[in-house]
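The values are calculated or read from the model by the stated rules, or taken from the named source; none is laboratory data. Fair warning: this is a prediction, and the values are worked out from it, not measured in the lab. With ideal geometry, Cβ positions are generated from the backbone for all residues, glycine too; neighbour counts draw on all protein chains shown. Side chains included, ligands, DNA and RNA excluded: accessible areas come from the protein's heavy atoms. Shrake-Rupley method; radii C 1.70, N 1.55, O 1.52, S 1.80 Å.
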Amino acid sequence: KQLLLISKRSTSDPLPDDSPQARRDGWEKTALLVSYFFPEHEELDPKNAGVVTWTEGWHDNFNVLAGRLIVPPVVRTLIYAQNPARVQKW
């Protein structure tokens with residue numbers, strides 16, 4: 001159910017039907033969310049507090065990350081930058 005919630009284009013949209021495509025969209029958006037605090041194509045709706053909309057281009061951003069091992073910026077800043085030698089040794 002969580003993947004379906006995240007797969008929505010907007011938090012104000014109804015829950016989509018459970019389908020392979022909806023689950024894939026949810027997985028891809030989850031990958032962007034855990035990699036970045038606020039992904040490029042996730043926009044707050046200034047007219048509706050708490051409503052978030054995924055704009056065109058989010059899937060392209062996922063494709064750039066897919067299949068690669070990356071260190072998300074938040075991990076690089078909060079962990080790696082504190083003690084690079086220790087992280088590399090680990």
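Quick notes on this one:
- Sites N83 and H59, calculated FRET efficiency, Cβ-Cβ separation with R0 35 Å, nearest 0.05: 0.45
- Translational D in µm²/s for segment 12-67 (Stokes-Einstein at 37 °C, 0.692 mPa s, Kirkwood Rh from C-alpha pairs): 268
- Between N48 and D17, the simple label model (points 7 Å from Cα in the Cβ direction) yields a spacing of 2.2 nm.
- Shape call, segment 45-90: gyration tensor on alpha carbons, a/c limit 1.5: oblate
- Between the listed residues Q88, S10, V64, the Cα displaced farthest toward the positive end of the dipole of the chain, a dipole computed from Cβ unit charges relative to the Cα centre, is found at Q88.
- Value of relative contact order over the chain, rounded to a whole percent, pairs C-alpha under 8 Å and six or more apart: 24
- Surface analysis of segment 1-86 yields an accessible area of 72 Å² per residue, using protein heavy atoms and a 1.4 Å probe.
- Cross-link partners of K8 among lysines (Cα-Cα below 27 Å; sequence separation of 8 or more within a chain): K29, K47
- Amide H within-cut-off set for E43, under 5 Å, with H built and near neighbours excluded: T53, W54, T55
- Overall form of segment 1-44 per C-alpha gyration tensor (a/c, 1.5; a/b vs b/c): oblate
- Based on Cα contacts under 8 Å between residues 6+ apart, segment 1-48 shows a relative contact order of 34 percent.
- The chain - mean residue ellipticity at 222 nm from DSSP helices (-39,500 (n - 2.57) per run, n ≥ 4, rounded to 500): -13000 deg cm²/dmol
- Accessible surface of the chain [probe 1.4 Å, protein heavy atoms]: carbon and sulfur percent: 58
- Heavy-atom accessible area order for I70, I79, largest first, 1.4 Å probe: I79, I70
- In a simple Cβ point-charge model (Lys, Arg +1; Asp, Glu -1; nothing else charged), the chain has a dipole of about 580 debye relative to its Cα centre.
- Simple rule: put +1 on each Lys or Arg Cβ and -1 on each Asp or Glu Cβ in the chain, find the dipole, and look at V51, P20, T30; the Cα lying farthest toward the positive end is T30.
- Working from label points 7 Å from Cα in the Cα-to-Cβ sense, the T30 to R76 distance is 2.5 nm.
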